[in-house]
Amino acid sequence: MSHHVNGQSSCPLCSEKIAEGHPKLQDIWNKIKSAFPDCHISWCFRNEKDQNRFYEEGKTRCLWPHSKHNVMKDDQPMSQAMDLFQISLATGAAWFLPEYYLKISDFLDSENLGIEWSGRWTQGKEHFSELDHFQLMSEMT
């Protein structure tokens, strides 16, 4: 993942990805990035090909267009979900640590921003390892 510069407060690829997100998701991302400068976005909007490939690979339980990653408005991407990861500022390595996502989730809960972390899904959803996934709680237009 050499496209990220260590210690950089903004990331051009993250900015490009979050531009395909709902405005509320964009605001939440800005708060996350301020509090966790080593956080980056692996996915925001997913097109049909990528979503269905992830389904076939067992990385999601949703086929296109049934994921919050697939939301569109006026034929434009308007994702209501993002997948995150951490970049080690020391080594530049990508990390996907449950403790890191828990810290982000606790921060978001304390801010009462209307976003949920898949790592807290227990009611009505079978356990599914998708700890990097954060989504808006309610449908937005």
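The values are calculated or read from the model by the stated rules, or taken from the named source; none is laboratory data. In this text the structure is predicted, and so the values were computed from the model without any measurement. Here Cβ is always computed from backbone atoms with ideal geometry, including for glycine, and neighbour counts include all displayed protein chains.
Here are the numbers for the structure shown:
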{"item": "Residue list for segment 12-37, restricted to those being touching a Gly at 6+ places or on another chain (Cβ under 9 Å) and either surrounded by fewer than 20 Cβ atoms within 10 Å (Cβ to Cβ) or among the polar types (S, T, N, Q) (or both)", "result": "Lys24, Pro37"}
{"item": "Some residue of segment 85-100 being at pLDDT 95 or above, part of a helix (DSSP H, G or I) and surrounded by 13 or more Cβ atoms within 10 Å (Cβ to Cβ)", "result": "yes"}
{"item": "Hits in segment 38-55 (condition: assigned to a helix (DSSP H, G or I), surrounded by 15 or more Cβ atoms within 10 Å (Cβ to Cβ) and touching a residue at least 12 places away in the same chain (Cβ under 8 Å))", "result": "Gln51, Asn52"}
{"item": "Any hit, segment 84-98, residues being on the phi > 0 side of the Ramachandran plot and not polar (S, T, N, Q)", "result": "yes"}
{"item": "Test: residue in segment 59-68 that is assigned to a helix (DSSP H, G or I) and surrounded by 15 or more Cβ atoms within 10 Å (Cβ to Cβ)", "result": "yes"}
{"item": "Failed item, numbered, when Ser10 is tested on (1) in a loop (DSSP other than H, G, I, E, B); (2) modelled with pLDDT of 95 or more; (3) polar (S, T, N, Q)", "result": "(2)"}
{"item": "Residue match in segment 61-78 (condition: among the β-branched types (Val, Ile, Thr) and closer than 16 Å to Ser15 by Cα)", "result": "no"}
{"item": "Segment 70-84, subset more than 14 Å from Pro23 (Cα to Cα) and not acidic (Asp, Glu), residue surrounded by the most Cβ atoms within 10 Å (Cβ to Cβ)", "result": "Leu84"}
{"item": "Pair list, Cβ < 6 Å and 6+ apart or interchain, from segment 56-69 residues that are closer than 24 Å to Lys24 by Cα to residues that are among the hydrophobic types (A, V, I, L, M, F, W, C)", "result": "Thr60/Phe54; Lys68/Ala81; His69/Ala81"}
{"item": "Failed item in (1) under 24 Å from Pro37 (Cβ atoms); (2) among the aliphatic types (A, V, I, L, M); (3) touching an Asp or Glu at 6+ places or on another chain (Cβ under 8 Å), with Met82 passing the rest", "result": "(3)"}
{"item": "Residue list for segment 21-37, restricted to those being outside any helix (DSSP H, G or I) and in contact with a Cys (Cβ under 6 Å, 6 or more places away or on another chain)", "result": "Gly21"}
